[in-house]
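So the structure is just underneath, and the comments pick up after that.
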Amino acid sequence: MKLIRGTIVSVGEGGVYGERMLNGCRVWDPHRSKLPAAIINGAPLDLTADMRVLYLGAANGTTVSHVADYVETVYAVEFAPRPMQDLIEVARRRPNLVPIMGDANRPEVYGCFVEQVDMIYQDVAQPNQADILRKNLPFLKDGGIAVLMLKARSVDVRKKSEEVAEETCTALREMGLTIVWSGTLDPFHRDHTCMICTK
Amino acid sequence: MRSYWFGDIDNGVCTPAQGDEDRVLERCDTIRVKVDTGFVPVSVDEACDCGFFADREEYLARLRSVTIRDARRKIVAAFSEGDAELIQMVRMLDEIDEVVNLLTEKAVEWYLVRNPGFSRKYKSMSAKRMVGVMKKERGPLGRICAEIDGLSDQRSSLMQDVSKRTDAVMPNCSALVGGLVAARLMERAGGLSVLAGLPASTIQVLGAEGALFSHLRSGSPPPKHGIIFQHRRVHNAPRNVRGKVSRAVAGKLAIAAKIDYYRGELDPAFIERAQDRIDVVGEKE
């Protein structure tokens, strides 16, 4: 990852969402985006220029735009129409970003658009987050990386964040993934756990 | 045979998808990839070997053009269902309410400073009338109060628009609990299709999420009603049967939403039966 004086940045066309620029690079704010928050908290994660990424839960394209700055190709899946309007606009200016309007729960529908990827990055506020990842694993090559941004509040409000994380870890192991790193996103995002797995 | 957006590949034999982008998308709509068993994702190299594309760059450009078109098409479809604009209208209505109240409050404070002898006590002056009085003040306060007045007129007319549109979009819910309450429920659910899929128990507490989650977390008493409390038969019901009435209303609403979404027209016989049932529940005890 590219750092300028301790700040995570990405190299690409700025002005996507009013992000600050530093020496001509786009500042990637850990308060706004979960990926840099995980990296600051010690996640062993690196985005490289030869990577192909399947991004589930792309929303407005804020984080996606930074990921696209780093990697070769991003397939960005988003379900809701309103954020999709913004995502299309971001994608129009980034030739390596493929926006797909579809439900991450139903990979059989958008499967005809997606190639094999080196990384799945998932950030969806749904109760069945582990299951969504399992359904999308066929797109991930062997040895590929799965990054799960687990939002405990969406899974079960009654349970503690740690409990949900533990259950999810078990579910991930059961689907054959090896968990390389797991940690919270405090103090940047509350009740979130980031899990990095390999297939 | 493996089917992808650009065509089929069967034992090395490539058949490209025919027609323009719209035809390609129509075909994509019918493709259901079996992701579980022996799934082979798209291979760009393979697609290029088939001669469909010169290189990866061309492949991506064409793919993006197709998926962007697909997304645009789906956005248009989602927004043209009539409930999308209704949601925005309801949100604007509730926001204007809030803004008018806040502005009026501030204006009254201002007015009191300019008129030290004035007090609202014992005058039973509604906010609306108070604004009417303050409008006559000279200078900036009067001008601002004229704006507040105009805004509350807008609010009234928007409310009528909301009712009218709700009658069209969800006639049965609207007939059962009135346009405004029906529209607010739909807004909270996030759309008519979502509302139609909700169980009655969820509809009953829509809008009381705070109380509901505090109940789930710490065992405080569960909420009896959310937005449906605004319906007169719920808030006018005697306290001891209010929960019961609320449950009956929610039950009938769940059915009404399904009729609205799947059939889309008013069912007077259903409405009559539903009203009777709710009235019976309210009279008990």
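Using just its DSSP H runs of length 4 or more, each adding -39500 (n - 2.57), chain B gives a mean residue ellipticity at 222 nm of -22000 deg cm²/dmol after division by all residues.
With each label modelled as a point 7 angstrom along the Cα→C-beta vector, the residue B:21-residue B:263 pair spans 4.1 nm. What FRET efficiency comes out for residue B:136 versus residue B:239 if R0 is 35 angstrom and r is the Cβ-Cβ distance? Round to the nearest 0.05. Efficiency at R0 = 35 Å is approximately 0.20. Here the spin labels are modelled as points 7 Å beyond Cα on the Cα-Cβ line, and at residue B:102 and residue A:93 they lie 3.1 nm apart. With all protein chains kept in place, the per residue accessible area of segment B:66-191 amounts to 55 square angstrom at a probe of 1.4 angstrom. With a ≥ b ≥ c taken as the square roots of the eigenvalues of the C-alpha gyration tensor of segment A:31-198, please select rounded if a/c is under 1.5 and otherwise prolate if a/b is larger than b/c or oblate if it is not? Cα axes put segment A:31-198 in the rounded bin.
Per residue, how many Å² of accessible area does segment A:102-199 show with a 1.4 Å probe?
I get 41 Å² per residue for segment A:102-199.
May I ask you to give the percent of accessible area on segment A:31-198 that is carbon plus sulfur, with a probe radius of 1.4 Å? C and S fraction of accessible area: 47 percent.
Taking a straight Cα-Cα cut-off under 16 Å and skipping sequence neighbours fewer than 8 places away in the same chain, the aspartates and glutamates within cross-link reach of residue B:224 are B:209. In terms of its C-alpha gyration tensor, segment A:154-199 comes out oblate, because a/c is 1.5 or above while a/b does not outweigh b/c. Bridging of residue A:199 to lysines at a Cα separation below 24 Å is possible for A:34, A:135, A:141, A:151, B:34, once same-chain residues fewer than 8 apart are set aside. What is the calculated FRET efficiency for residue A:167 to residue B:156, with r their C-beta to C-beta distance and R₀ = 56 Å, to the nearest 0.05? E between residue A:167 and residue B:156, to the nearest 0.05, is 0.65.
Interface size, chains B and A: roughly 2700 Å² of accessible area buried, both sides included, 1.4 Å probe, rounded to the nearest 100. Principal axis extents of the Cα atoms in the protein assembly as shown, from largest to smallest and rounded to whole angstrom, are 85, 59, 49. Contact residues in segment A:107-131 (at least 30 Å² less accessible area with all protein chains than alone, 1.4 Å probe): A:108, A:109, A:112, A:113, A:115. Taking 12 Å as the cut-off, the amide N atoms of segment A:113-145 that come nearer than this to a point 7 Å along the Cα-to-beta-carbon line of residue A:174 belong to A:130-131.
Using 1/(1 + (r/R0)^6) with R0 = 35 angstrom and r between the beta carbons of residue B:11 and residue B:194, what's the FRET efficiency to the nearest 0.05? Rounded to the nearest 0.05, the efficiency is 0.20.
Just by accessible area at a 1.4 angstrom probe, what is the order of B:135, A:159, B:121 from largest to smallest?
B:121, B:135, A:159
A cut-off of 5 Å between modelled amide H atoms, ignoring neighbours fewer than 5 places along the same chain, links residue A:180 with A:196, A:197, A:198. Check cross-link reach from residue B:136 to the lysines: straight Cα distance under 21 Å, and skip same-chain residues fewer than eight apart. Straight-line reach from residue B:136, under 21 Å: B:106, B:121, B:123, B:128.
Absence of a disulfide-compatible partner, taken as no other cysteine beta carbon within less than 4.7 angstrom, is noted in the protein assembly as shown for A:25, A:112, A:169, A:194, A:197, B:28, B:48, B:145, B:173.
The values are calculated or read from the model by the stated rules, or taken from the named source; none is laboratory data. These numbers were taken from a predicted model, which means no experiment stands behind them. Heads up, the Cβs are rebuilt from the backbone with ideal geometry, glycines too, and the neighbour counts pull from every protein chain shown. Note: areas computed on protein heavy atoms with side chains; ligands, DNA, RNA excluded. Shrake-Rupley method; radii C 1.70, N 1.55, O 1.52, S 1.80 Å.
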